[in-house]
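Taking it in order: structure first as structure tokens, then the write-up.
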Amino acid sequence: NVIGMRKVKRSDSFIVFTAHFDHLGMQGDAIFPGASDNASGTSMVLYLAEYFVRHKPRHNMIFILFSGEEAGLLGSEYFVQHPLFDLQRISMLVNIDIMGSAENGITVVNGERFRNQFDRLKKINDTKQYLPEVRIRGKAKNSDHYHFGERGIPSFFIYSMGGKGFYHDVFDTADQVDLNNYEQ
């Protein structure tokens with residue numbers, strides 16, 4: 001796991017952005033490059049870290065890149081079992097994966113579970129029109145947000161909809177990733 005922090009003096013809570021930097025690699029003779037799943041999510045977390053270095057946030061920001069997601073959420077499970085700070089100080093965790101075109105919007109896993117936070121996100125998008133849709137989904141053990149949510153920490157798993165949306169695919173190469181709505 002790799003972790004970084006952007007501290008501010010006036011807050012003792014954290015907003016956490018996470019992604020996984022591992023992928024399937026090779027299986028037999030097949031290579032799974034992982035450009036969309038999940039180099040795009042890793043690059044988004046790094047982009048957010050750079051953004052919050054230049055724009056002072058109101059809360060402490062933590063950026064975590066997990067390993068072992070593809071092998072069973074191992075990196076995030078280890079982190080939750082051996083935290084570097086009090087996990088109850090996390091006001092929101094956003095796990096990011098498959099940040100392709102988002103031409104059809106995003107899906108928010110755990111949106112039903114953390115409905116107040118989802119409604120706030122949806123209201124911002126409805127007002128600003130960043131994305132065509134913000135779709136809600138229930139609880140799922142399908143990425144690194146899971147172990148945090150099980151501890152009652154508000155946590156979303158966001159992935160884009162549209163484009164090629166490669167998932168565990170040998171054709172998931174950088175030249176195939178469409179980043180039309182990446183900034184939004």
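Values as computed for the structure displayed
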item: Sparse-neighbourhood loop sites, GluC sites (Glu not before Pro) in the range 29-127 - DSSP loop, at most 12 other Cβ within 10 angstrom; result: Glu112
item: Whichever lysines have a C-alpha closer than 28 Å to that of Lys139, once near sequence neighbours (fewer than 8 apart) are set aside; result: Lys122, Lys123, Lys128, Lys164
item: Accessible area in square angstrom per residue, the range 31-147, 1.4 angstrom probe; result: 49
item: Extreme residue, positive dipole direction of the chain, given options Phe14, Ala49, Phe32 (C-beta unit charges); result: Phe14
item: For Glu133, distant residues with modelled amide H under 5 Å away; result: Gly105, Ile106
item: Magnitude of the charge dipole, the chain, Cβ model with Lys/Arg +1 and Asp/Glu -1, debye to 20; result: 1300
item: Estimated [θ] at 222 nm from DSSP helical runs (n ≥ 4, -39500 (n - 2.57)) normalised by residues in the chain, nearest 500; result: -6500 deg cm²/dmol
item: Val170-Met5 pseudo-label distance in nm [points 7 Å out on the Cα-to-Cβ vector]; result: 4.5
item: Residue among Val134, Gly152, Tyr167 farthest towards the positive dipole end of the range 134-184, charges placed on Cβ; result: Gly152
item: Long-range tail of P(r) for the range 101-184 (Cα pairs > 15 Å, %); result: 61
item: Orientation-averaged projected area, Cα convex hull of the range 28-68 (nm²); result: 3.8
item: Considering only the chain, percent of DSSP beta bridges that pair antiparallel, nearest 5; result: 40
item: FRET efficiency for Arg89 and Arg54, using Cβ-Cβ distance with R0 set to 30 Å, rounded to 0.05; result: 0.80
item: Quotient of Cα Rg and 2.2 N^0.38 Å for the range 50-151, N being how many residues it contains; result: 1.15
item: Carbon + sulfur, % of accessible area of the range 1-136 - ligands and nucleic acids excluded, 1.4 Å; result: 53
item: Qualifying chymotrypsin sites (Phe, Trp or Tyr not before Pro) for the range 75-161 [loop in DSSP, other Cβ within 10 Å: at most 15]; result: Phe85, Tyr130
item: Electrostatic dipole magnitude of the range 81-153 [Cβ: Lys, Arg +1; Asp, Glu -1; Cα centre; debye, to 20]; result: 240
item: Phi to ³J(HN,Hα) by Karplus 6.51 cos²θ - 1.76 cosθ + 1.60 over the range 143-160, Hz, x for Gly, Pro; result: 6, 5, 5, 4, 5, 6, x, 5, 8, x, 7, x, 8, 10, 10, 10, 9, 7
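The values are calculated or read from the model by the stated rules, or taken from the named source; none is laboratory data. Owing to the predicted nature of the structure, the values given are computational and were not obtained by experimental measurement. When we count neighbours, we look across all protein chains shown, and the Cβ atoms used for this are built from the backbone with ideal geometry, even at glycine. Side chains included, ligands, DNA and RNA excluded: accessible areas come from the protein's heavy atoms. Shrake-Rupley method; radii C 1.70, N 1.55, O 1.52, S 1.80 Å.
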